[in-house]
Amino acid sequence: MNDDNGRNWMSCLGWGCLALVVLSVVGIGGCVAYVYRGGSAARSVADAYLEAVDAGRYEEAYEHLGAQFTEDRGVGDFVAFEQASRAQMGACGGWTMNGTSVNRESGRSVARLTYQGSCESGPIEVAFNLQRVDGRWVIDDIRYHEPGVEVIPTCAECGTVLPPGARFCPNCGSEIGGGEGAPEEPVADEGPQE
């Protein structure tokens, strides 16, 4: 190989490497932009939801929910869910997002966001699962968590959210917690055996 061919070959290799580096940077930048833009849009939905619920505007908050959530729960069930949660948590505020994940699963864009809030009953964590549907983010699932406290009372038989102080499920009529007149479990006698 003469010197000119060697330089041409090295020049081609150099340009090829440069092109590979540029394509890699553009690809990584696109992924970062997708996650940032998706996380930002999903966060604005979760923020609007929390703001509406904190202000008692439950119907407004309900508009941010997706079909996966609303198919099983009408507005009345949703309001009961939030009122029961808020009755136990007390007034809340100061929500801070402390975790986010945006990706594609099974051909759809999904986001998981967690917030930490300060409520009268103590610190609360709320987790949102969102999905991008027809160009907009909607909430598919909401979970409140307060360490050591059951935040959302539900019926053991049918899963309906229970209003505060309920003795019977408003949906299926089951007695809650066995009631006061529930028969006691027999207790084994642990005295001396003969």
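Please treat every number below as a calculation from the coordinates, not as lab data. Predicted, not measured: the structure shown is a model, and the values here were computed from it. Positions of Cβ are backbone-derived with ideal geometry, glycine not excepted, and every protein chain shown enters the neighbour counts.
With the cut-off at 1.5 for a/c, could you classify region 92-176 from its C-alpha gyration tensor as rounded, prolate or oblate?
Working: a/c = 3.13, a/b = 1.46, b/c = 2.14.
Taking the square roots of the gyration eigenvalues as a ≥ b ≥ c, region 92-176 is oblate.
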**Study point:** Length gained when the stretch S44-F168 is fully extended (0.36 nm per residue, less Cα-Cα span)
**Key:** 40.8 nm
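Quick check: residue separation of C158 and E175 times 0.36 nm, minus the Cα distance between them. What number comes out in nm? If you can, show how the numbers build up before the last one.
Numbers: separation 17, 0.36 × 17 = 6.12 nm, distance 1.16 nm.
Gain in length upon complete extension: 5.0 nm.
Report the gain in length on full extension from M97 to Q83: 0.36 nm times residue separation, minus Cα-Cα distance, nm rounded to one decimal.
Values: separation 14, 0.36 × 14 = 5.04 nm, distance 2.24 nm.
2.8 nm is the gain from fully extending M97 to Q83.
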Practice item. Just grab the label-to-label distance for H145 and Q116, each label 7 Å out from Cα along the Cβ direction, in nm (one decimal). Key: 1.3
